[in-house]
C-alpha cells in the first residue's frame with residue numbers, strides 16, 4: 001500500500017468529505033496526517049454557510065468530495081434530497097474552493113452515460129457527450145458541471161466501488177452483498193446484460209491521491225482495467241471464495257428496478273494512463289487483492 005502522508009505541520013491539510021464511506025475511508029488512510037475528515041453529523045455539505053465556515057477555518061490545499069447520495073432507486077422518490085447532496089452541495093464546495101484558491105476533486109460516476117453509443121459498445125471517453133437517465137445520474141452530471149465552476153478542479157468518474165477499509169461486514173456494495181447472500185445459502189439472481197468495470201475503492205483512492213499531487217486540471221476516468229457483467233463478476237466472487245450456491249443470470253428488465261441502469265458504461269482510462277504512465281490493476285486482479293485483504297482483516 002502506498003502512502004501519501006507528509007508532515008502535516010509543514011503542508012496544508014486535505015479535506016475529505018464523505019470520509020466514513022469506502023472511498024473516503026481509503027483516502028484518509030493513504031493521506032495519513034494530512035487528511036481532515038469532514039462528515040455528518042459534524043458538517044452538512046448541503047448547508048452553504050456550514051461548509052464554507054468549516055473550510056475557511058481549515059484552509060485546505062485540496063477538497064476531495066466523496067460524499068454522495070448513492071441509493072439510485074430511492075432517488076427516484078426523493079429527487080430534491082438527491083440533487084441537494086449530489087449537485088447543489090457541489091456548487092457550495094466549488095465556491096468555497098474558489099474563494100480559498102484551492103483544488104476541488106469531485107467524484108462522479110459511469111451512470112452519466114445512460115444511453116448506448118451510436119457506434120456500438122466501446123469504452124466511453126471523457127469527450128463523449130453524457131446522457132444521464134434517472135434522478136441519480138442526472139444529479140451526478142449536475143454535480144460535475146458545478147465542480148467545473150471552480151478554476152482548479154478535477155472531476156474523477158469511476159464505477160461500482162467496493163471495499164471499505166474498516167466496516168467490512170457493514171459495507172453496502174456488490175461484493176459484500178454477494179458474499180452475505182451466499183453465506184446464508186441463498187440463491188442468487190444477477191443481471192447479465194449490464195457491462196461495466198467494478199473498481200476496488202483502494203485503487204481508485206490511490207489514483208486520486210496521485211492526481212491531487214499532479215498538475216492535471218479537468219475530467220478523467222479512473223477504474224480498474226477491463227470490463228465484466230455483474231453476473232460474471234458475481235461468479236468470480238463466488239469462485240474466488242469457494243462458495244457454491246445457485247447463481248442465475250437474468251436480464252435488466254427482470255430485475256424491475258425503479259431507476260434505469262446503463263447497459264454499457266465501461267470507461268476509457270487512456271487519459272489517466274497517459275498522465276500516470278500505468279493503468280490500475282485489472283477488474284479480476286483487483287477483486288483477488290480485495291478478497292485476500294478481506295480474509296486477512298477478518299481473522
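Return a whole-number percent for the relative contact order of the stretch 198-288, with Cα pairs under 8 Å and 6 or more residues apart as the contact set.
Numbers: 61 pairs, mean separation 46.3, N = 91.
Worked out over the stretch 198-288, it gives 51 percent.
Under 8 Å for C-alpha pairs, at least 6 residues apart: give me the relative contact order for the chain, rounded to a whole percent.
Details: 595 pairs, mean separation 56.9, N = 299.
Result for the chain is 19 percent.
Hey, rough spin-label estimate for residue 117 and residue 74, points 7 angstrom out along Cα→Cβ, what's it come to in nanometres?
Taking the two extended label points, one gets 3.4 nm.
What FRET efficiency comes out for residue 173 versus residue 58 if R0 is 25 angstrom and r is the Cβ-Cβ distance? Round to the nearest 0.05. Mind showing how you got there, number by number?
Values: r = 29 Å, r/R0 = 1.17.
About 0.30, to the nearest 0.05.
Of 178, 250, how do they rank once you tally other Cβ atoms within 10 Å and put the fewest first? Numbers along the way, then the final one.
Values: 178 24, 250 16.
In order of increasing Cβ crowding within 10 Å: 250, 178.
Just need the relative contact order of the stretch 37-185 here, percent rounded to a whole number, with Cα pairs under 8 Å and 6+ apart. Don't jump to the answer; show the numbers that get you there.
Working: 205 pairs, mean separation 36.9, N = 149.
RCO, the stretch 37-185: 25 percent.
Within 10 Å of each residue's Cβ, count the other Cβ atoms and sort 223, 70 from fewest upward. Write down the numbers at each step before the final one.
Numbers: 223 32, 70 19.
In increasing order of surrounding Cβ atoms, one gets 70, 223.
Be a star and scan the stretch 10-42 for residues whose amide nitrogen sits under 13 Å from the point 7 Å along the Cα-to-Cβ vector of residue 50.
Under 13 Å, as judged by backbone N against the label point of residue 50, lie 18, 38-42 of the stretch 10-42.
Using the number of other C-beta atoms within 10 angstrom as an exposure proxy, rank 208, 273 with the fewest first.
Starting with the residue having the fewest Cβ neighbours, the order is 273, 208.
Where a number appears in this text, it was derived from the coordinates with a stated rule and is not lab data. From a predicted model like this one, the values you see are computed outputs, not experimental measurements. Virtual Cβ from ideal backbone geometry, glycine too; neighbours counted across all protein chains shown.
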